[in-house]
Structure formats: C-alpha cells, structure tokens
4 protein chains.
Amino acid sequence: MLRVTTSIRVRYQETDKMGIAYHGNYFTWLEVARIHLLDSIGCPYKELEENGFFLPVIRCECEYKSPARFDDIIDVTVHLPILNQARVNLEYSLTKGETLIANAKTSHAFVDFSGRVIKPPGQFVEKAINGI
Amino acid sequence: MLRVTTSIRVRYQETDKMGIAYHGNYFTWLEVARIHLLDSIGCPYKELEENGFFLPVIRCECEYKSPARFDDIIDVTVHLPILNQARVNLEYSLTKGETLIANAKTSHAFVDFSGRVIKPPGQFVEKAINGI
Amino acid sequence: MLRVTTSIRVRYQETDKMGIAYHGNYFTWLEVARIHLLDSIGCPYKELEENGFFLPVIRCECEYKSPARFDDIIDVTVHLPILNQARVNLEYSLTKGETLIANAKTSHAFVDFSGRVIKPPGQFVEKAINGI
Amino acid sequence: MLRVTTSIRVRYQETDKMGIAYHGNYFTWLEVARIHLLDSIGCPYKELEENGFFLPVIRCECEYKSPARFDDIIDVTVHLPILNQARVNLEYSLTKGETLIANAKTSHAFVDFSGRVIKPPGQFVEKAINGI
C-alpha cells in the first residue's frame with residue numbers, strides 16, 4: 001500500500017478573513033501530496049501528461065476537524081488503499097503536530113487528451129500494487 | 001424549501017493547464033451561490049459576521065460530471081433541503097445549459113468569533129423554514 | 001479610445017486574514033474587466049484563442065489606495081489609451097463608490113500558440129482605433 | 001543588504017489554460033520569498049502580526065520574461081536594497097536554472113491593526129541595516 005507524507009506551510013494568500021485557511025485551498029494541498037506520491041513511485045505527473053496520461057479529479061470531499069492557520073506546517077499523508085483499474089481512489093489525512101486538521105478523499109480516472117478513459121500506465125500499476 | 005440559482009462565468013484564472021476549470025475552484029462558486037442564498041432571505045453573510053455569526057464549512061464534497069471551461073456560464077443552484085439546528089446542509093447542482101457539470105454538498109455550523117457552536121440567528125431559521 | 005466599466009463583488013475566497021482582499025487577486029479582477037472590454041468590441045477572448053491569438057500578460061503593476069473588503073462592489077474601469085502594434089497597454093482604475101481603491105496597468109502582446117509575437121487581429125485593431 | 005533565495009515548485013492549480021503559470025500567482029510566490037526573508041532575520045511575519053505590526057502590499061509590479069510551467073522549480077531571490085523608514089521596498093528576481101523568468105517589486109508600509117502607518121519594529125530595522 002502506497003503512503004507518502006508531504007509538509008506544506010500555509011501561505012497568507014490561502015487564508016481568508018475568518019483568519020483561517022479557506023476550505024477550497026485544501027484541495028491544492030491534496031494536489032501537492034498527490035504529486036509527491038507519484039514522484040515517489042517514479043511516475044512524475046508531468047511525465048504522465050507528456051506521455052498522454054491525464055488524471056483529473058472526478059470526485060473529492062473534505063471534512064474539516066480543526067482550522068489550519070497562516071504559517072502552520074501541515075503534514076498531508078496520502079495513501080492508495082486498493083488499486084482499482086477504473087478509478088484511483090486516494091485518501092488523505094492532514095495533521096498539525098498531534099492535531100487532526102482534516103480528512104479527505106479524491107477519486108481520479110486516467111484519461112487521454114480527449115478525455116476518454118484509458119488504462120493506467122504499467123509503471124503506475126506495478127508500483128501501486130507492490131508499494132514503494 | 002429554499003432554492004436559489006446564480007450564474008457564474010468561468011474566469012481564465014480559474015482554469016488549469018488541462019484547459020478546464022480546476023476542481024478546487026468549484027468551491028468558490030458554491031460560496032458565491034451561498035452568498036446569494038443568504039441575500040435572498042435577508043441575511044447577507046456580511047451582516048451575519050457583523051452580528052457575530054460565522055458559518056464555516058465543516059464538510060464539502062463535489063462530483064464532477066462534465067468539465068467547465070473558460071468563459072462558460074455555469075448556473076449554480078443551491079438549496080437547503082431540511083433545516084437542522086446543529087448543521088446547515090446545502091446541496092448544489094451546477095449546469096451549463098442542459099449539461100450537468102457537477103453535484104456538490106457543503107455542511108456548515110453557526111459559530112461565534114471564538115469558534116464555539118451557537119444557535120442560528122432567528123431571521124435565518126424563520127426564512128429557512130418558510131422558504132422565500 | 002476604448003473604455004469599459006465592469007463591476008465585481010469581492011468573494012470571501014479573495015480575502016485574507018488581514019480582513020481585506022489579497023493584493024494578488026486584483027489581477028484576476030483586471031482580467032474580468034479585460035474580458036468585458038474585448039466582448040464590447042466584438043472580439044471575445046475565447047474566440048481570439050480559438051483563432052490562434054493569445055494575449056498573455058507581459059507586465060503588470062498595481063497601486064493600492066484603499067482596501068477592498070468582502071462583499072464590496074468594485075467598479076473596474078479599463079481603457080486602452082493608444083493603440084500600439086507591438087504591445088497592448090491597458091490602464092485600470094478600481095473604485096468603490098467615490099473611493100479610489102487602486103490604479104493598475106497591464107501590458108500584453110499578441111502571440112501565437114508557440115509564443116511567437118504576431119500582429120493583432122484586424123477586428124481588434126479597427127475597433128481599438130475607432131473606439132466603441 | 002538583505003538577500004534571500006527561496007525555491008518554489010509550480011503547482012498545477014497555479015497554471016492556466018495557456019499551459020503556463022497564471023501571472024497573478026507570481027505575487028503569491030513573492031509572498032513566500034518575503035516570508036522567508038523575514039524568517040531569516042528573526043522576524044517571522046506571524047510574530048510581527050501577533051505584536052501588532054502588519055505589512056500590507058501598497059504597490060507591486062512584475063515583468064514576465066519567460067513562462068513558468070507546471071512542476072518547474074523557480075528560485076525567487078528577494079532583496080531589500082535600502083532601508084527606508086516610511087516604505088519597505090523589495091526587489092525580486094525569479095529564475096529557472098539559468099533562465100530569467102521574471103523581475104518584480106513590492107512596496108509595503110508597516111501599519112497597525114487599524115491601518116495607521118507606524119514605525120518598523122526595532123529588530124527589523126537593525127537586521128535590515130546590518131544585513132544577515
């Protein structure tokens with residue numbers, strides 16, 4: 001099972017007038033973690049796109065447990081519990097030290113440039129099954 | 001039952017290199033619709049905050065059905081199916097003409113400035129029960 | 001001389017923890033005004049791109065005079081003082097009622113898909129010279 | 001003279017449909033560099049705000065020389081050429097390897113919570129004069 005943790009530091013731009021990080025910006029942090037997950041298995045997303053594989057988000061959710069604030073270091077752990085040929089379902093937990101900030105999920109499909117669903121690349125499948 | 005439709009026009013800034021609107025930006029559009037919903041019942045969110053009522057997002061989800069592209073006019077319909085004292089659960093559908101773009105949900109709690117959960121303001125409850 | 005005014009309403013997402021709109025977001029509002037300018041002369045930017053004309057920002061500046069806040073209605077006036085074949089230089093003023101919020105400028109070049117500088121489209125030149 | 005270099009990695013969210021980073025997002029990268037500059041002299045911006053010092057942007061400009069693309073590592077060098085009691089004027093260069101991506105400037109004033117201009121904190125002045 002793949003599992004990678006990435007740290008992000010909350011930017012001022014990501015906060016809102018409530019003094020906390022705007023909820024929609026968490027999805028950018030999930031992206032950062034996802035990019036690192038793909039790096040870690042030798043499938044950088046940039047190369048995937050260059051090879052004609054796109055991985056759009058087809059569903060996402062986030063449950064906010066405790067606010068993230070400016071300058072906080074948030075650890076975003078992403079894991080791929082089960083490999084599913086049709087969908088890539090990722091789960092995330094966001095923590096600040098011992099405090100749970102949020103839980104989240106994203107689902108993706110591999111598509112080609114025209115948006116047609118295609119098989120995942122072999123390297124991705126192999127690494128996702130064997131773990132890192 | 002409250003139901004309000006708002007049109008947004010997709011900004012270039014909201015697109016990404018896949019040529020479509022970035023998934024995280026949909027949550028900003030939901031915010032725009034929510035603001036209009038509150039306007040429509042005489043509870044502008046700005047005034048709510050001035051009166052000490054904050055309405056943070058505590059959960060959100062979105063299912064993407066068809067891409068939104070630059071300059072598209074997207075109709076965002078938000079409705080409040082049932083009034084629940086503890087949580088405000090909103091549902092959204094996003095359409096472009098006849099095409100369903102996305103379905104989404106957000107959950108909110110009324111909190112005071114310190115983040116403590118409080119009762120919704122009376123005006124909100126009355127309007128939410130009676131509809132518009 | 002072309003001159004168009006567009007109103008934007010400040011989104012919560014555009015604010016930061018200082019309680020005001022984040023400075024970088026003003027450039028998105030300038031974009032919205034620019035899109036309306038192009039609409040007004042029958043050259044929607046979407047169509048320009050479809051016809052192979054891209055208009056990236058090659059320089060921008062903004063001077064902030066008074067803060068823009070959540071829910072403010074900001075009038076963004078854009079004008080094209082002089083038509084210059086090589087560069088499109090736009091000037092903007094942002095006001096809230098009688099209050100000046102900001103002055104800004106952007107410079108653009110027409111380029112093709114590969115990024116090579118090209119002549120502006122004829123429709124644009126004609127309208128830009130004759131005004132609306 | 002203070003000078004600090006920070007690396008950022010371009011996020012997918014920061015790109016637009018032209019396939020490059022959206023011009024307005026560069027100002028967020030400048031913020032990241034500025035935060036590191038303040039860290040480097042023992043004046044973390046978070047602490048400045050906690051002590052009643054706010055440093056809003058009152059002017060900014062950016063000149064784009066070469067596009068930044070998804071996944072690029074951009075080195076953002078910020079320096080403070082001269083200490084000026086009334087304004088903090090910062091200059092930035094953004095490079096990708098040997099390639100100049102952009103030059104930029106931001107001007108700031110120290111203000112209190114109510115927005116009134118105040119003297120810079122002593123620690124900032126001392127470090128800014130003596131360099132690191």
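A few points about this structure:
- Residue list for the stretch D:11-49, restricted to those being farther than 15 Å from residue B:13 by Cβ and among the aliphatic types (A, V, I, L, M): D:30, D:32, D:33, D:35, D:37, D:38, D:41, D:48
- The set of residues from the stretch B:41-98 being of a type in the set (A, V, I, L, M, F, W, C), within 14 Å of chain A (Cβ to nearest Cβ) and outside any strand (DSSP E or B) comprises B:48, B:53, B:55, B:68.
- Hits in the stretch C:37-53 - residues which are surrounded by fewer than 18 Cβ atoms within 10 Å (Cβ to Cβ) and either in contact with a strand residue (DSSP E or B) (Cβ under 7 Å, 6 or more places away or on another chain) or in contact (Cβ under 8 Å) with a residue 12 or more places away in the chain (or both): C:40, C:42, C:51, C:52
- When the stretch D:13-40 is limited to residues that are at the interface with chain C (Cβ under 10 Å from one of its Cβ atoms) and among the aliphatic types (A, V, I, L, M), the one that is farthest from residue A:56 (Cα to Cα) turns out to be D:30.
- Meets criteria (modelled with pLDDT of 95 or more, on the phi < 0 side of the Ramachandran plot, among the hydroxyl-bearing types (Ser, Thr, Tyr) and surrounded by 15 or more Cβ atoms within 10 Å (Cβ to Cβ)) for residue D:66: no
- Within the stretch B:101-114, the set of residues being in contact (Cβ under 8 Å) with a residue 12 or more places away in the chain and surrounded by fewer than 14 Cβ atoms within 10 Å (Cβ to Cβ) comprises B:112, B:113.
- Of all residues in the stretch C:7-24 being of a type in the set (D, E, K, R) and in a loop (DSSP other than H, G, I, E, B), the one that is surrounded by the most Cβ atoms within 10 Å (Cβ to Cβ): C:16
- Qualifying residue in the stretch C:70-80 (condition: at pLDDT below 95 and crowded, with 21+ Cβ neighbours inside 10 Å): yes
- Residues located in the stretch A:93-119, provided they are within 13 Å of the chain's Cα centre (by Cα), closer than 26 Å to residue B:19 by Cβ and not hydrophobic (A, V, I, L, M, F, W, C): A:105, A:106, A:107, A:108
- Number of the exception - residue C:7 against (1) without any contact (Cβ under 8 Å) to a residue 40 or more places away in the chain; (2) touching an Asp or Glu at 6+ places or on another chain (Cβ under 8 Å): (1)
- Odd one out for residue A:27, checked against (1) assigned to a helix (DSSP H, G or I); (2) without any contact (Cβ under 8 Å) to a residue 24 or more places away in the chain: (2)
- Hits in the stretch A:96-132 (condition: under 30 Å from residue B:56 (Cα atoms) and out of contact with any Ser or Thr (no Cβ under 9 Å at 6 or more places or on another chain)): A:97, A:98, A:105, A:106, A:107, A:108
- Candidate set: the stretch D:82-100, residues that are aliphatic (A, V, I, L, M) and surrounded by fewer than 16 Cβ atoms within 10 Å (Cβ to Cβ); chosen: the one farthest from residue D:49 (Cα to Cα): D:100
- Hits in the stretch B:89-100 - residues which are over 21 Å from residue B:2 (Cβ atoms) and either among the small types (Gly, Ala, Ser) or free of Cβ contacts under 8 Å to residues at least 24 places away in the same chain (or both): B:97, B:98
The values are calculated or read from the model by the stated rules, or taken from the named source; none is laboratory data. Quick caveat: nothing in here was measured; it's all calculated off a predicted structure. Because the Cβ atoms are built from the backbone with ideal geometry, glycine has one as well, and the counts that use them run over all protein chains shown.
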